[in-house]
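The next block holds one structure in the form of structure tokens; read it before the comments.
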Amino acid sequence: MVFTRDIYYQEKFSKLSFAKEIIKSKDFEECEFSNCSFIDCRFESCKFITCKFSNCILSSVKPVSCLFREVSFAQSKVMGVDWTAAAHLTDLEFTDCQINYSNFMFLKLPKIKIVNCEVKEVDFTESDLSYGDFRNTDFEKSKFFKTNLTNADFKGAKNYFIDTKNNILKKTRFSLPEALSLLNCLDIIID
């Protein structure tokens, strides 16, 4: 196990590889992870504050009772993560990532950034994603239900199905032609 201390500050980790490990009660502040792999690992009561993950694989990670504040993921696979297991999430940012099959149900994540990502079969049910940035992201088969999308930006996003009756859309930005999908929930005929 490489994490022998409890607290890490401004450290860089590169090419670490873990599978099915338990990483418990570790604090990472202003740390950078590059080309690291955490597959099916369990993080318990860990803190990630102002950390960056780039070109990493975090598939099926379990963030049990963890804190993530100002954490960014770039060119990474962060798939199959149940974010609802975390204790606290603020200011998450995903850029050029795959975050398929993840769960964000009931979470308050205003100002979240999910830009130029692949977000397939992700559940955003009853989440607060107000002021979120979702530009150029593919939301194929993702679920939005009673989701707060006030002032969110979906310009260039595609494959989303957002029922205008069952979600909060106020000053939400969309672009054509994908914005036409918002008409799918209406009982209308367009010739």
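Read the figures in this text as sums done on the coordinates, not as results from a lab. Keep in mind the model is a prediction, meaning the values are calculated, not measured.
When you restrict to C-alpha pairs under 8 Å that are six or more residues apart and normalise by the size of the chain, the relative contact order lands at 11 percent. For the residue pairs Lys52/Lys141; Lys141/Lys170; Lys12/Lys143; Lys24/Lys141; Lys15/Lys141; Lys62/Lys113, the C-alpha atoms sit more than 31 angstrom apart in Lys12/Lys143; Lys24/Lys141; Lys15/Lys141. Compared with the direct C-alpha span, the chain from Glu126 to Thr90 gains 11.3 nm at full extension, assuming 0.36 nm per residue. Largest GNM mean-square fluctuation among Ser17, Ser60, Ser76, using the chain with Cα springs under 10 Å: Ser17.
Coupling constants for segment 43-54 follow from the phi torsions by the Karplus curve (6.51 cos²θ - 1.76 cosθ + 1.60, θ = phi - 60°), and in residue order they are 9, 10, 6, 9, 10, 10, 10, 6, 9, 10, 10, 10 Hz; glycine and proline get x. What the Cα atoms of segment 8-96 give is an Rg and a Dmax of 11.4, 29 Å. Across segment 169-178, rounded Karplus estimates of 3J(HN,Hα) from the backbone phi angles (6.51 cos²θ - 1.76 cosθ + 1.60, θ = phi - 60°) give 10, 10, 6, 6, 9, 10, 10, 7, x, 4 Hz, Gly and Pro being marked x. For segment 104-184, the convex hull spanned by the alpha carbon atoms encloses 68 Å³ per residue. Annotation: extensible slack from Tyr9 through Ile22 equals 2.6 nm (criterion: 0.36 nm per residue apart, minus Cα-Cα distance). Pick the calculated log10 I(q)/I(0) by the Debye sum over Cα atoms at q = 0.13, 0.16, 0.19 Å⁻¹ for this structure from [x] -0.73, -1.10, -1.46; [y] -0.66, -0.94, -1.26; [z] -0.74, -1.03, -1.30? Calculated log10 I(q)/I(0) by the Debye sum over Cα atoms at q = 0.13, 0.16, 0.19 Å⁻¹: the matching label is [y]. Dividing the mean sequence gap of close Cα pairs (under 8 Å, 6+ apart) by how many residues segment 104-184 holds gives a relative contact order of 25 percent. When only Cα pairs below 8 angstrom with a gap of at least 6 residues are kept, segment 1-87 shows a relative contact order of 23 percent.
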